[in-house]
1. Put a dot 7 Å past each Cα toward the Cβ at Y173 and V31; how far apart are the dots in nm?
2. So between N90 and E104, what do we pick up on full extension, going 0.36 nm a residue minus the alpha carbon distance?
3. Hey, what's the per residue convex hull volume over the C-alpha atoms of the range 1-77, in cubic angstrom?
4. Give the carbon-plus-sulfur fraction of the accessible surface of the range 2-146 in %, rounded to a whole number; probe 1.4 Å, heavy atoms of protein chains only.
5. Under a 1.4 Å probe, what is the accessible area of the range 1-85 per residue, stated in Å²?
Amino acid sequence: KEEFSKDIPLNILNQNKVALSETFRLLDIYVIERVSKILVKAEKIVCYGIGASELVARDFIMKLARLHKVAYLVPDIDFGKVLMNQLGKNDVVFLISYSGEKREVVEIAQSAKELGKKIISLTRYGDTKLSRLADETLQVVAYENNFRSSALTSRFTQMYVVDIIFYTMLQQYDDKAFSLLKNTYYVAHEKE
């Protein structure tokens with residue numbers, strides 16, 4: 001057991017390195033650019049994920065707020081369906097699910113699809129229910145067992161892709177991006 005415990009940090013590091021490298025190789029810059037342009041153009045963005053994917057969605061909402069984007073983190077499926085009716089033609093539903101098969105996420109995607117809303121998904125590599133419903137799909141690689149003690153590599157690869165999207169969006173704001181980031185930084189740190 002002691003020997004195993006010593007290996008845990010290195011094993012987790014190696015798993016994440018491999019997953020991030022594989023995700024990097026899988027990235028399609030044209031999809032990244034299209035998704036970023038859609039998000040910059042959107043007036044409202046609705047994000048949803050469950051479990052570790054919700055943590056990624058929460059991180060993305062924070063990044064979008066720094067760009068002064070109106071973004072909602074959907075707390076549950078019913079609220080998500082209600083929000084679908086309030087979205088305009090340029091607005092976006094951003095759904096995160098590593099498996100791409102979570103019932104709740106797929107239901108929100110189906111509701112959005114029925115209402116003709118633009119859907120962006122962030123999910124694992126391969127064919128999933130979520131990717132089939134999405135207009136654009138960002139894919140990640142992760143090394144997770146069917147029985148996961150927690151979402152180890154999937155969370156890191158999803159965060160990596162969200163960071164790429166954020167920085168690609170920043171490029172489209174030109175000089176305005178620095179001003180937006182500076183303002184939100186000062187607001188968050190004014191009492192320090």
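The values are calculated or read from the model by the stated rules, or taken from the named source; none is laboratory data. Fair warning: this is a prediction, and the values are worked out from it, not measured in the lab. Neighbour counts are summed over all protein chains in view; Cβ atoms, including those assigned to glycine, are modelled from backbone coordinates with ideal geometry. Calculation scope for accessible area: heavy atoms of the full protein, side chains included, ligands and nucleic acids excluded. Shrake-Rupley method; radii C 1.70, N 1.55, O 1.52, S 1.80 Å.
1. According to this spin-label approximation, the distance is 2.5 nm.
2. Numbers: separation 14, 0.36 × 14 = 5.04 nm, distance 2.36 nm.
Fully extending the segment from N90 to E104 adds 2.7 nm.
3. On the way: hull volume 10.5 nm³, N = 77.
It is 136 Å³ per residue.
4. On the way: 4000 of 7730 Å².
Result for the range 2-146: 52 percent of the exposed heavy-atom area is carbon or sulfur.
5. On the way: 5130 Å² over 85 residues.
Roughly 60 Å² per residue, with all protein chains present.
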